[in-house]
Amino acid sequence: MPITLHASPLSTASQRVALILHELHIPFDLVPVDMARNAHKSAEHLVNQPFGQVPFLVDDDPLTDVIPLFVAPATTTTATTEGTDNATTTATTTTEEGATEAPTPAATEAPAPATDEATPGAAEVTPAAEAQVTPAAEAQATPAPAPAADPQAEPPATPPFPSSRPPTPPTEPKEPLTIYESRAITRYLALKHLYTTSSAKPSSQSGAESGAGVGSGVRGEGEGNGQQVFGSRTVVPLVPSPGDLGKWTAFEVASSVEVANFEMFAGRIGFEKVYKPRVGQEPDLAAYEAAHAQLGAKLDVYDKILASQAYLAGDTPTLADLHHLPLAARLFPAGAGDLIEARPNVKRWYEALEGRGAWRGVRNGVQSWGGEGEE
Ligand SMILES: N[C@@H](CCC(=O)N[C@@H](CS)C(=O)NCC(=O)O)C(=O)O
């Protein structure tokens, strides 16, 4: 299988990655790392995870082409320039489908491209500006060529987001890609999935917003915008479109909340009351109590956030929610389930995550998975 996860079956960081592999319906081989024998500190392991931790992931079929992330937003953008006789020049017009239409004649008369930036909304209008705005750009690293002399010339089309182009076939054999840090791995997987399963024409809803589609009964059938149908289950993308900066930022906030306000406290609780007893060590009860109190205060805030939205980044689940699951589930055997049970919105949120089929495939320990089961 192209994906290999080097992990320890009951480690929460390993479960975090395996959970997302299941969510996205990506089969994988597990290479168990024997932490009891300190295999995670071996020279061989450190080459791939220099901090001596699990997990790391190897993708033998990586997405290696460069994809423009920020392309024309699907709204009309008007850049105005001053200092010209007619004062106003429309720079770029974008249709609802997100395809950029030709600039107005005034814009095409501009003498030279002003920028190779790919930020159409910003529309970098130079002072000289009879508003040469590159037609919302394909984010080329190389300088843009001089425009065609013919003012009627068609500008290059801007693809809708996600890119309408399939990934360009590599010209050389791909090198396997090795990734460590569980959240970096999941983000790579979700974005790769989004790009490689998106159809040419985005629906009116985008990314994680589009919700569950209608099951077609066809395994792995592409539904566009990151959706795929496996039996009765629809895979949803778990990240918003990076082209939608507002939704992407909400997702970033939620992702940071998990790392800054949850992980360290929930991790301490699980470490003291689950991990230490498992390896024959005495828990530090003072540390446990302190973490319990601190996490309680943080989850009070979660409860307020989740009073007005179903998930941390909005109304659909994203990686930011799912990243909580392994450590949140561990609160129960650690005797701290009250932290979740006592807060109604946190409880509803947790139960929605915990009830997902993907978690059933991971909660008792990570194993190799061929893509079967879990509808
Ligand atoms: N930030 C890392 C944390 C990984 C981590 O802490 N893994 C634990 C197991 S859950 C580990 O390898 N611990 C051994 C050690 O730190 O020496 C990630 O998310 O991948």
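The values are calculated or read from the model by the stated rules, or taken from the named source; none is laboratory data. Remember, predicted model here, so these are calculated numbers, not experimental data. Cβ placement follows ideal geometry from the backbone for every residue including glycine, while neighbour counts extend to all protein chains displayed.
A few comments on the model shown:
- Residue that is nearest to the ligand (Cβ to nearest atom), among those in region 1-26 that are under 12 Å from VAL366 (Cα atoms) and assigned to a loop (DSSP other than H, G, I, E, B): SER11
Every residue, every condition in (1) at pLDDT 75 or above; (2) outside the structural domain of SER14 (by TED's automatic domain parsing), yes or no:
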residue	(1), (2)
ALA184	yes, no
LYS192	yes, no
TYR195	yes, no
GLY217	no, no
PHE230	no, no
ALA250	yes, yes
GLU258	yes, yes
PHE262	yes, yes
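- Top-ranked residue of region 287-314 - restricted to ones that are small (Gly, Ala, Ser) and part of a loop (DSSP other than H, G, I, E, B), ranked as nearest to PRO344 (Cα to Cα): ALA307
- Residue count for region 327-340, restricted to those that are surrounded by 14 or more Cβ atoms within 10 Å (Cβ to Cβ) and assigned to a helix (DSSP H, G or I): 6
- Residues located in region 176-192, provided they are within 8 Å of the ligand (Cβ to nearest atom), buried (at least 18 other Cβ atoms within 10 Å of the Cβ) and closer than 17 Å to LEU327 by Cα: SER182, ARG183
- Taken over region 341-362, residues that are out of contact with any Asp or Glu (no Cβ under 8 Å at 6 or more places or on another chain) and buried (at least 22 other Cβ atoms within 10 Å of the Cβ) amount to 2.
- Those residues of region 295-310 which are surrounded by fewer than 20 Cβ atoms within 10 Å (Cβ to Cβ) and not aliphatic (A, V, I, L, M), in sequence order: GLY296, LYS298, ASP300, ASP303, LYS304, SER308, GLN309
- The residue that is farthest from ALA36 (Cα to Cα), counting only those in region 269-286 that are more than 33 Å from the chain's Cα centre (by Cα) and in a helix (DSSP H, G or I), is ALA286.
- Candidates LEU299, LEU285, LEU331: the one that is under 22 Å from VAL253 (Cβ atoms), assigned by TED's automatic domain parsing to the domain that holds VAL259 and not aromatic (Phe, Trp, Tyr) is LEU299.
- For GLU101, the stated conditions hold: it is more than 30 Å from VAL259 (Cβ to Cβ), away from the ligand (no atom under 14 Å from the Cβ) and either at pLDDT 95 or above or surrounded by 15 or more Cβ atoms within 10 Å (Cβ to Cβ) (or both).
- Of all residue pairs spaced 6 or more apart or on separate chains, those with beta-carbon atoms under 7 Å, a first member in region 345-366 that is assigned to a loop (DSSP other than H, G, I, E, B) and a second member that is charged (D, E, K, R) are GLY361/GLU374.
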